[in-house]
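First up is the structure itself, then whatever we jot down about it.
The values are calculated or read from the model by the stated rules, or taken from the named source; none is laboratory data. Model, not experiment: these values are computed from the prediction. Note that each Cβ is placed from the backbone with ideal geometry, even for glycine, and that neighbours are counted across all protein chains shown. Please note that ligands, DNA and RNA were not included when accessible areas were found on the heavy atoms of the full protein model with its side chains. Shrake-Rupley method; radii C 1.70, N 1.55, O 1.52, S 1.80 Å.
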Amino acid sequence: MILDVKSLTKTFEKNNTVFTAVDNVNFQLDKKECLGIVGESGSGKSTIAKMLVKLLEPDNGEINFLGKDLVTLNKSELRKTRKDIQMIFQNPMDSFNPRKKLKTSVGAGLKYTLSLNKKQIEEKVDEAFNLVGLKSEYKDRYINKLSGGECQRAAIARSVIIEPKLLICDEITSALDVSVQAQIIDLLVQLREKMDMSYIFITHDLTLARYLCDRILVMYKGNEVESGNVKDIFENPMHPYTKLLLSSIMTIDNIYEKKNINYEKLEHFGGCKFKDMCPNRMEICNSCNPEIRELENRKVRCHMYNK
Ligand SMILES: Nc1ncnc2c1ncn2[C@@H]1O[C@H](COP(=O)(O)OP(=O)(O)OP(=O)(O)O)[C@@H](O)[C@H]1O
Ligand SMILES: [Mg+2]
């Protein structure tokens, strides 16, 4: 196991009230495994990712990465492990310095992590460009001369060049045209074969998650509501929310529109967070948010399975 996240919790303040964006989430990740985190906008996916790369501090919980808890690690130890977890975002252009040539940006991480001379750095940059399918003449270009898909390739190159152990991809294809999306997904599939990395793939797109991931974690309002391997989740979803997501008539982004419900306004005043949307609502759902329960091949947070 490379990652073991326990009771991860993050609260934010919104309109003078505290709300829990990530609520006691637990998950694990094995070496070379790809975990898909799915769930609608605002369910806490990016907040989880940001805590993993220390862009946000958790309020509570542990992030055990290769046996060390990143939450309590001191600064110098953290610096050593930081290169091992890389994250790519939806809009990679924002994270590149527009005044630097791509080869400088892509090779930047090497300076701090390995003691390589200039020539060796250049060779590594060449390898990385090749690996992500960017022509080597792009090395002297600037980020604003690249298309969306090329930008994303450059961002992937910049991350994988330092050979991280975990790559977190947060909606990295959602801003791209469908055909370009497919190319980036193909690239990730190739990287999975070539490199010894684990992946966390955050997406709204269940089809992509199914194609790419080994396991799926379904988030709803900060809670993990169901997790299991891809086959089980897609062939036999158990949580009513997962069933809803997978039902052919609704996609992850339009379930509320269809029901004319404002997700943000679905406030949680006790009971199950999903109860207002749930076709299987029972009496107990009104008063008590179910604990997550481990079944044979799955974890599910639903009273239907708490008998
Ligand atoms: N820095 C912050 N300050 C206050 N609230 C925040 C902050 N970051 C996120 N939130 C809130 O936390 C909740 C979870 O946000 P998060 O970005 O993790 O959702 P998400 O699942 O990644 O959504 P999306 O699919 O739209 O990217 C949202 O209600 C969001 O408004
Ligand atoms: Mg997000």
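Residues in region 202-212: is at least one surrounded by 24 or more Cβ atoms within 10 Å (Cβ to Cβ), closer than 29 Å to K299 by Cα and touching a Cys at 6+ places or on another chain (Cβ under 7 Å)? Scanning region 202-212, I find at least one residue that is surrounded by 24 or more Cβ atoms within 10 Å (Cβ to Cβ), closer than 29 Å to K299 by Cα and touching a Cys at 6+ places or on another chain (Cβ under 7 Å), so the answer is yes. Contact map, region 83-95: residues that are on the phi < 0 side of the Ramachandran plot paired with residues that are at pLDDT below 85 and more than 15 Å from ligand 1 (Cβ to nearest atom), Cβ distance under 6 Å, separation 6+ or inter-chain. Pairs shown: K83/T113.
Just one residue in the set Y199, Y211 is under 16 Å from the mean Cα position of the chain (by Cα) and either part of a helix (DSSP H, G or I) or assigned by TED's automatic domain parsing to the domain that holds F129 (or both); that residue is Y211.
The listed residues are R153, R192, and the only one of them that is modelled with pLDDT of 95 or more and outside any strand (DSSP E or B) turns out to be R153. Looking only at residues of region 197-223 that are more than 16 Å from ligand 2 (Cβ to nearest atom) and in contact with a Phe, Trp or Tyr (Cβ under 7 Å, 6 or more places away or on another chain), we find that the one that is nearest to E33 (Cα to Cα) is C213. When E226, E171, E235 are screened for being within 17 Å of the chain's Cα centre (by Cα) and either away from ligand 2 (no atom under 16 Å from the Cβ) or of a type in the set (S, T, Y) (or both), only E226 passes. Scanning region 49-57 turns up one or more residues that are over 16 Å from K165 (Cβ atoms), open to solvent by 10 Å² or more (accessible area, probe 1.4 Å), within 11 Å of ligand 2 (Cβ to nearest atom) and not in a strand (DSSP E or B). The residues in region 31-45 that are at positive phi and away from ligand 1 (no atom under 13 Å from the Cβ) can be counted, and the count is 1. Taken together, the criteria place K124 among residues that are without any contact (Cβ under 8 Å) to a residue 40 or more places away in the chain and closer than 22 Å to L187 by Cβ.
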